[in-house]
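No value in this document is a laboratory result; all are computed from the given coordinates. Keep in mind it's a predicted model, so treat the numbers as computed, not measured. A quick note on method: Cβ atoms are made from the backbone with ideal geometry, for glycine too, and the neighbour counts reach across all protein chains shown.
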Number of protein chains: 2
Amino acid sequence: MDLSERIRSIPDFPKKGIVFKDITTLLADGEAFASSVDQMKSLFDQYKPDIVIGIESRGFIFAGVLAHAWKVGMVPVRKPGKLPYKTVSETYSLEYGEDSLEIHVDALKAGQRVLIVDDLLATGGTARATANLVEKLNADVIGFCFLIELEFLKGRKLISDYRIESLIQVPM
Amino acid sequence: MDLSERIRSIPDFPKKGIVFKDITTLLADGEAFASSVDQMKSLFDQYKPDIVIGIESRGFIFAGVLAHAWKVGMVPVRKPGKLPYKTVSETYSLEYGEDSLEIHVDALKAGQRVLIVDDLLATGGTARATANLVEKLNADVIGFCFLIELEFLKGRKLISDYRIESLIQVPM
């Protein structure tokens with residue numbers, strides 16, 4: 001199945017000049033959704049993680065399914081103010097300004113093997129920040145898994161010390 | 001397994017006087033997470049839906065796993081401005097003021113059987129709004145499934161015309 005045919009390009013979203021990759025058409029297609037999750041799982045079966053992290057909020061969808069498939073836990077990494085308990089925070093750069101991501105201080109145990117999942121690898125800022133959060137909690141990142149990789153943004157460079165897998169590559 | 005022991009109560013979040021039910025401790029426990037999803041699935045196996053809707057954003061976690069388990073599609077219902085394509089909107093009341101939820105205009109086909117999933121049934125405002133969105137697209141709500149129901153808020157009353165299941169009931 002060619003998953004790239006199941007996503008939809010929306011010009012000028014969220015702002016002028018950006019072509020947004022809309023994954024809702026893939027998610028709504030039961031066969032395509034199952035295939036994407038099953039492919040992600042097979043890419044990391046041999047490195048079986050103890051925990052799957054999902055980055056807010058579309059990352060939650062894939063992280064939850066993968067965690068359930070391996071019968072392991074799922075941990076959310078969220079935008080500031082969303083997690084109710086004590087958090088550790090990591091700031092990263094945006095095109096203009098900066099933003100932060102948070103994880104609960106007790107979300108991971110030292111030494112746990114963590115797979116980080118999101119729908120999209122763009123500039124790599126959120127991915128890198130998430131890896132830093134995992135390391136602050138003394139757990140180990142075993143890799144990253146994305147549905148889509150916008151290769152022209154070279155986000156891979158920011159997390160080049162880890163295994164990185166993506167199902168759909170967008171070259172330009 | 002007593003799932004209620006796997007959630008954590010956080011006093012005064014997001015504001016003074018509210019006791020927030022933190023599900024991240026359940027999610028991070030692979031056995032408890034798997035058990036919760038498997039219980040949700042068994043409650044609706046006999047009404048097998050064509051589509052599972054997840055309400056932003058914790059609802060995405062459970063909706064994705066259930067959709068994958070049934071090999072059907074998953075559709076997100078989101079806060080305003082998050083969905084990139086044309087949307088239908090529904091406004092609902094909050095304690096002070098109002099808020100809206102959106103769904104893509106082409107997210108559902110007429111007559112599809114839809115299960116609506118969220119982590120929490122509180123006042124029922126978002127649940128009712130989501131059912132209205134499904135009906136605007138001429139699809140059929142077969143029921144609601146929640147991890148937690150705050151019974152003292154009586155949210156069930158707002159969606160009493162549908163089948164409602166929850167795994168953890170909080171009486172007061």
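What to note about this one:
- Position B:GLY17: other-copy label points at 4.7 nm, ordered by increasing distance, label point 7 Å along Cα→C-beta.
- Counting DSSP beta bridges with both ends in the protein assembly as shown, the antiparallel % (nearest 5): 35 percent
- Normalised size of the protein assembly as shown, defined as Cα radius of gyration per 2.2 N^0.38 Å with N residues, equals 0.94.
- With 24 Å as the limit, the listed pairs B:LYS109/B:LYS157; A:LYS48/B:LYS82; A:LYS16/B:LYS82; A:LYS136/B:LYS79; A:LYS136/A:LYS157 have B:LYS109/B:LYS157; A:LYS48/B:LYS82; A:LYS136/B:LYS79 beyond it between alpha carbons.
- The value of relative contact order for chain A, using C-alpha pairs under 8 Å at least six residues apart, is 17 percent.
- Less than 5 angstrom separates the built amide H of A:VAL141 from those of A:VAL114, all sequence-distant by 5 or more or on a different chain.
- Full extension of the segment from B:LYS109 to B:ASP2, taken as 0.36 nm per residue of separation minus the current Cα-Cα distance, would add 34.7 nm.
- For segment A:73-172, the antiparallel share of DSSP beta bridges with both residues in that region comes to about 35%.
- Over the protein assembly as shown, dividing the summed -39,500 (n - 2.57) contributions of all DSSP H runs of at least 4 residues by the number of residues returns a 222 nm mean residue ellipticity of -7500 deg cm²/dmol.
- Using the Karplus relation 6.51 cos²θ - 1.76 cosθ + 1.60 with θ = phi - 60°, the per-residue 3J(HN,Hα) values for segment B:67-82 come to 4, 5, 5, 8, 6, 10, x, 10, 10, x, 10, 10, 5, x, x, 8 Hz, with x marking Gly and Pro.
- Cα gyration tensor, chain B - rounded (a/c under 1.5), prolate or oblate: oblate
- 10 Å Cβ neighbours from other chains, averaged over peptide B:76-89: 3
- Vicinal HN-Hα couplings computed from phi for segment A:95-106 (Karplus, 6.51 cos²θ - 1.76 cosθ + 1.60; Hz; Gly/Pro x): 3, 10, x, 8, 9, 10, 10, 10, 9, 5, 4, 10
- Segment A:99-172: GluC sites (Glu not before Pro) in DSSP loop, at most 12 other beta carbons within 10 Å: none
- Under 5 Å, built H, 5+ apart or other chain: amide partners of A:ILE164: A:PHE144
- Point-to-point label distance, B:LYS41-A:THR91, nm (Cα→Cβ direction, 7 Å offset): 4.4 nm
- Inter-copy label distances at B:ASN138 (7 Å, Cα→Cβ; nm, one decimal): 6.0
- Put the Cα centre of segment B:16-74 next to the Cα centre of segment A:131-167 and the gap is 26 Å.
- Note, ³J(HN,Hα) from phi for segment A:128-137, Karplus 6.51, -1.76, 1.60, rounded to Hz, x at Gly and Pro: 4, 4, 5, 4, 5, 4, 4, 6, 4, 8
- Bridge type composition, chain A - antiparallel percent by DSSP, nearest 5: 35 percent
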